[in-house]
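The values are calculated or read from the model by the stated rules, or taken from the named source; none is laboratory data. Note that the structure is a prediction, hence the values are computed from the model and not measured. Note: ideal-geometry Cβ built from the backbone for every residue, glycine included; neighbour counts use all protein chains shown.
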Amino acid sequence: MKMNESQKVKIKARNVTVHYGEARALHGIDLDLNANEVTALIGPSGCGKSTFLRCINRMNDVIDGCRVGGSVSIDEQNIYSDAVDVVELRARVGMVFQKPNPFPKSIYDNVAYGPRIHGMAPSRSELDHMVEVSLKRAGLWDEVKDRLSASGTSLSGGQQQRLCIARAIAVSPDIVLMDEPCSALDPIATAVIEELMEELRRDYTIVIVTHSMQQAARISQRTAYFHLGDLVEHGQTQAIFTNPENKQTEAYISGKIG
Amino acid sequence: MTDYSDPDFRAARLKKRYQAEKRFRAYGMAAIITAGLILVFLLSSIIYSSLPAFSHHHVRLDINISEDYVATDTPEEGNYLGLVRAALRDHFPQVTGRRDKRALYKILSIGASDAVEARVKNDPRLIGTQISLYVPLSDDIDLMLKGLIDRNLPESDRIVSDRDLAFVDKLAEENRIERKFAFALFTNGDSREPEMAGINGALAGSLWTLLVTLIVSFPLGVLAAIYLEEVAPKNRYTALIEVNINNLAAVPSIVYGLLGLAVFINFFHLPRSAPLVGGLVLALMTLPRIIIPTRAAFAAIPPSIREAALGVGASRTQVIMHHVLPLAMPGILTGTIIGLAQAAGETAPLLMIGMMAFIVDVPTEVTAKATVLPAQIYMWANNPERAFVARTSAGIVVLLTLLLVVNAAAIYFRRRFEKRW
Amino acid sequence: MNDEHIVSSFDRDLAELNQMVARLGGLAEQQFAAAIDALENRNASSIETIVSNDAELDQLEKDLNDRAIEVIATRGPMATDLRRILSAVKIAAVLERVGDYAKNIAKRSLVIISDETNRSDTISVGRIADIVQGMLREALDAYATANADLAMEVWERDQEVDELYTSLHRDLLGVIAKGAEEASVSSHFLFIAKNIERIGDHTTAVAEQVYFQVHGEMPSEERPKANAISEASDIED
């Protein structure tokens, strides 16, 4: 089980601690996330994996009473420093949520919104091109190319989630965060998105929180197991699921606790 | 212990449950029917009593527009009253004596001369010719012709004397009397004479006032709600503000009138009885009624939309303006329009700032003196003249129609915005 | 550490597989013991039973395979659970082979018994058989208790078996080289000894699986092989 030493580290988390008011949700997490890999964060409910995910694009900033300590660096730059503009950050780090949440606008406008507000497409034809590329990359283009003006909410659940993925990648992020993206989807829609992730990781770094260990085992290269705010173990996915080092990890993935 | 598996027991219980349900439904039906009946009764009695105000009896007079009364180059300075009286005298040559002549003149409304004046001004070439024109009769004659004054009563109990009756009967025999639609009700301002009194002044006053109310309260209310709901940190101070806003909605409206008097009129010296001041006072009153539903509309939008927008890199302002506000619009509009509709029916606060006054002219700007519909209705209701009874009801009908239009607008706009969601 | 699955039927499935391995192991042990007993005590009557019992072993292994596939499909086992199930399948295959060897030993014993020669070679063979029987029993114990250390002891004892076999092999070849009449019986003894040595090898395979199940990797050192003959040419029976 050799580590691929030539993998570049994209995201470095050092001693990340998160408090919600008085309660501590994460206890000093140290974790490296590699570029062009899918890293899965697993663990029982309330273990802090979603909280950790949201630290990477500073979505925890919008929660009242949430304090983040430690550092999270993307490409060696600490994203919690004052020099970093949160809005710019969120264009570099996209997010897909558990329940598909397309804007109640047309499919075109859903994908075009990000590039528009960031001024990424000065002309209409460039915008059209960006929308097409994003929808193609998200595997949705063929299904919607004839009805781009239809409402985003008129699509099926799986299609809506792919629309949200297209929306996230339209602004050309480096990193895509996914918070249980398939929980609300049927197995076929889930499989489509898993296949998509395999393609996407060639161009993006993907971090996914998932409740399904089978899914984590299927799609990720590295896995991190969280429990009650601690990072218990992390490593190559094959190792974690065939022969984990930590007994607690073993118990969790075998369905013995949590 | 009751045996729940006993089929007889279960059948009996089931029967009782169904009966209880039927009774419940019957109560509901009874409540709706009662409310409906009350409404129908109310509306129909108002509409019925307003009907007389919508028509007025006119008499066709042959008028000789003699140059003795009107000069060709100055038609506006003509003695139209004289013209009309001359026409009457010509028609009833047998009437002599000053008292009889005065009685004769009184069968016509003051508006008769206005009608002639308007005609001549419109076409000065008529001067020197004879025209035949329908002019309005006085309110008492009109009521008598409509049967609202009983001509069979003894003369001492009647407002209309026998002599007047004789004049009118003669004119009726000549087929000169006709009942026409009372346009005056809608074109004129207030007047001492009931047949000349119109709702236009009050309607215009109400519309100007509501315009000011809308312009002031809508942006302030919506922005305040946006700030409180989306931007302000949730601490003790904002909670305090919230409680106070909720309480403001329950403050008696006359208090706002006192505030308006003290601040707008006495301190800022804004003109009394003006829609500007009325609008400002009502805006203060409507503000909490806009803020509260607007906040509710914002709170009803699921956080997932906001998160999605933030995730794509929208700033807080962009999230609000591009996503939350458009989606909250139906709720905001409904709240605003209902608040406006309530303001349209307010009288007490406007009392304090002087909009309960006899104002003849139709206001043409926000600083002109004006009154509002509910005030007008109240004043007409207090007027002892019989003809104002029908006019009061007519005023109520107009006010109700206005409110109906405003509510219909609310439903229309809400439907239009809801489609996009 | 709570070792039970939250879904208790998963525990029952794994326990069932364990029992099937235990039963298979017990049967294999029985067959082996009966075959050696028949040889040592010249008891021909039991041999037919031994041969027909082999069918039961085969069926049991097949049943275990089917059950293991079901558990993998329905439970999605990970880590230790997965290794346990794979080990059960491999060990069952091994035990079935052990049963086959025991059957062969019984068949060859029939020939020797009918010859009615009392041979001291029986004692030598019996000695090897004792050791291998002990190994088999302990290997099965090690599996039942998931005891990797016990498995390693078994693993190392095979060296002794190899040494004993090598010397017996030499002796028997010497006898065969001398004369034709004794050669026939000697060759049967040779095959029987070889079978027993193969059972020993299979037992170490069981031990290796137990180690793998517990530690997640095969034992790293090469098992010391003292069987010089096997090195040269691996003769399968």
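Restricting B:ILE290, B:ILE353, B:ILE377 to residues that are among the hydrophobic types (A, V, I, L, M, F, W, C), more than 14 Å from chain A (Cβ to nearest Cβ) and within 30 Å of B:GLU230 (Cα to Cα) narrows the list to B:ILE290.
Picking from residues in region A:129-141 that are surrounded by 18 or more Cβ atoms within 10 Å (Cβ to Cβ) and more than 12 Å from every other protein chain (Cβ to nearest Cβ), the one that is nearest to the chain's Cα centre (by Cα) is A:ALA138. Only strands (runs of 3 or more DSSP E) whose full extent lies in region A:1-112 are considered here, and the ones with at least 2 residues that are without any contact (Cβ under 8 Å) to a residue 60 or more places away in the chain and touching a His at 6+ places or on another chain (Cβ under 8 Å) are A:66-74.
Residues checked against (1) closer than 23 Å to A:LEU41 by Cβ; (2) touching a strand residue (DSSP E or B) at 6+ places or on another chain (Cβ under 6 Å):
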| residue | (1), (2) |
| --- | --- |
| A:ASN110 | no, no |
| A:HIS118 | no, no |
| A:ARG147 | no, no |
| A:ARG167 | yes, no |
| A:LEU177 | yes, yes |
| A:CYS182 | yes, no |
| A:ALA191 | yes, no |
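For the condition closer than 26 Å to B:LEU228 by Cβ, in contact (Cβ under 8 Å) with a residue 60 or more places away in the chain and in the same structural domain as B:ALA225 (by TED's automatic domain parsing), what is the one hit in B:ALA343, B:ALA308, B:ALA297?
Values: B:ALA308 fails: in contact (Cβ under 8 Å) with a residue 60 or more places away in the chain; B:ALA297 fails: in contact (Cβ under 8 Å) with a residue 60 or more places away in the chain.
Unique residue meeting the criteria: B:ALA343.
Of all residues in region B:321-329, none satisfies being of a type outside the set (A, V, I, L, M, F, W, C), surrounded by fewer than 21 Cβ atoms within 10 Å (Cβ to Cβ), part of a loop (DSSP other than H, G, I, E, B) and modelled with pLDDT under 90. Counting only helices (runs of 4 or more DSSP H) wholly contained in region C:71-181, the ones carrying 2 or more residues that are charged (D, E, K, R) and either touching a strand residue (DSSP E or B) at 6+ places or on another chain (Cβ under 6 Å) or without any contact (Cβ under 8 Å) to a residue 40 or more places away in the chain (or both) occupy C:121-145, C:148-178. Only one entry in B:ILE159, B:ILE127, B:ILE149, B:ILE141 is under 14 Å from B:VAL59 (Cβ atoms) and either surrounded by 12 or more Cβ atoms within 10 Å (Cβ to Cβ) or outside the structural domain of B:ARG102 (by TED's automatic domain parsing) (or both), namely B:ILE141. Just to be sure, is A:GLU126 surrounded by fewer than 16 Cβ atoms within 10 Å (Cβ to Cβ) and at the interface with chain B (Cβ under 9 Å from one of its Cβ atoms)? So A:GLU126 fails the test. Considered as a group, the residues in region A:142-177 that are more than 14 Å from chain B (Cβ to nearest Cβ) and either assigned to a loop (DSSP other than H, G, I, E, B) or within 16 Å of the chain's Cα centre (by Cα) (or both) include one that is farthest from A:PHE97 (Cα to Cα), and that residue is A:ASP146. Only a single criterion out of (1) at pLDDT 90 or above; (2) surrounded by fewer than 17 Cβ atoms within 10 Å (Cβ to Cβ) is not satisfied by C:ILE196, namely (2).
Scan region A:217-258 for residues that are among the hydroxyl-bearing types (Ser, Thr, Tyr) and either within 11 Å of chain C (Cβ to nearest Cβ) or part of a helix (DSSP H, G or I) (or both) and jot them down. Reasoning before the result, please.
Filtering region A:217-258 down to residues among the hydroxyl-bearing types (Ser, Thr, Tyr) leaves A:220, A:223, A:225, A:237, A:242, A:249, A:252, A:254.
A:THR237, A:THR242, A:THR249, A:TYR252, A:SER254 - these are the residues of region A:217-258 that are among the hydroxyl-bearing types (Ser, Thr, Tyr) and either within 11 Å of chain C (Cβ to nearest Cβ) or part of a helix (DSSP H, G or I) (or both).
In this structure, is A:PRO187 free of Cβ contacts under 8 Å to residues at least 12 places away in the same chain and closer than 25 Å to A:PRO44 by Cα? Spell out how you get there, then give the answer.
Numbers: free of Cβ contacts under 8 Å to residues at least 12 places away in the same chain: yes; closer than 25 Å to A:PRO44 by Cα: yes.
Criteria met by A:PRO187.
The criterion of being in contact (Cβ under 8 Å) with a residue 24 or more places away in the chain, closer than 30 Å to A:ASN101 by Cβ and among the β-branched types (Val, Ile, Thr) does not hold for B:THR367.
Between residues in region C:26-38 that are within 14 Å of C:GLY200 (Cβ to Cβ) and residues that are surrounded by fewer than 21 Cβ atoms within 10 Å (Cβ to Cβ), which pairs lie under 8 Å by C-beta distance while being six or more apart or on different chains? Close Cβ pairs (under 8 Å, with a partner that is surrounded by fewer than 21 Cβ atoms within 10 Å (Cβ to Cβ)) amount to C:GLU29/C:GLN133; C:GLU29/C:ARG137; C:PHE32/C:GLN133; C:ILE36/C:GLY126; C:ILE36/C:GLN133.
Quick one: would you say A:ILE193 is more than 14 Å from every other protein chain (Cβ to nearest Cβ), touching a Pro at 6+ places or on another chain (Cβ under 8 Å) and not in a helix (DSSP H, G or I)? Walk me through it before giving the result.
On the way: more than 14 Å from every other protein chain (Cβ to nearest Cβ): yes; touching a Pro at 6+ places or on another chain (Cβ under 8 Å): yes; not in a helix (DSSP H, G or I): no.
Spelling it out, it is not the case that A:ILE193 is more than 14 Å from every other protein chain (Cβ to nearest Cβ), touching a Pro at 6+ places or on another chain (Cβ under 8 Å) and not in a helix (DSSP H, G or I).
When you look at A:PHE103, is it of a type in the set (Phe, Trp, Tyr) and under 15 Å from the mean Cα position of the chain (by Cα), yes or no? Against the criterion (of a type in the set (Phe, Trp, Tyr) and under 15 Å from the mean Cα position of the chain (by Cα)), A:PHE103 does not qualify. Of the set (1) in contact (Cβ under 8 Å) with a residue 24 or more places away in the chain; (2) within 14 Å of chain A (Cβ to nearest Cβ); (3) of a type in the set (S, T, N, Q), all apply to B:SER191 but (2). Checked against the criterion of being part of a helix (DSSP H, G or I) and either touching a residue at least 12 places away in the same chain (Cβ under 8 Å) or within 30 Å of B:ASP114 (Cβ to Cβ) (or both), the candidates B:LEU240, B:LEU223, B:LEU203 yield just one match: B:LEU203.
Evaluation of A:ARG92 against the conditions (1) under 15 Å from the mean Cα position of the chain (by Cα); (2) crowded, with 20+ Cβ neighbours inside 10 Å; (3) within 15 Å of A:PRO173 (Cβ to Cβ); (4) within 14 Å of chain B (Cβ to nearest Cβ) shows that the sole unmet condition is (2).
Per the conditions (1) more than 14 Å from chain A (Cβ to nearest Cβ); (2) of a type in the set (Ser, Thr, Tyr); (3) more than 14 Å from B:LEU282 (Cβ to Cβ), the sole criterion not satisfied by B:THR336 is (3).
The residues of region A:55-86 that are farther than 17 Å from B:SER315 by Cα and within 10 Å of chain B (Cβ to nearest Cβ) amount to a single one, A:GLY65. Return the total of residues in region B:140-184 being over 19 Å from B:SER50 (Cα atoms) and among the hydrophobic types (A, V, I, L, M, F, W, C). Number satisfying all stated conditions: 10.
Every residue, every condition in (1) more than 14 Å from every other protein chain (Cβ to nearest Cβ); (2) among the aliphatic types (A, V, I, L, M); (3) exposed (fewer than 15 other Cβ atoms within 10 Å of the Cβ); (4) farther than 30 Å from C:ASP121 by Cβ, yes or no:
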residue: C:VAL7; (1), (2), (3), (4): no, yes, yes, yes
residue: C:ALA15; (1), (2), (3), (4): yes, yes, yes, yes
residue: C:PHE32; (1), (2), (3), (4): yes, no, no, no
residue: C:GLU40; (1), (2), (3), (4): yes, no, yes, no
residue: C:GLU56; (1), (2), (3), (4): yes, no, yes, yes
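Looking across A:GLY139, A:GLY119, one residue alone is without any contact (Cβ under 8 Å) to a residue 12 or more places away in the chain, in a loop (DSSP other than H, G, I, E, B) and within 30 Å of A:ASP75 (Cα to Cα). It is A:GLY119. Can you work out which of the residues in region B:107-118 that are in contact with a helix residue (DSSP H, G or I) (Cβ under 7 Å, 6 or more places away or on another chain) and not acidic (Asp, Glu) is surrounded by the most Cβ atoms within 10 Å (Cβ to Cβ)? That would be B:ALA112. For the condition within 14 Å of chain B (Cβ to nearest Cβ) and at pLDDT 90 or above, A:ARG14 does not qualify.
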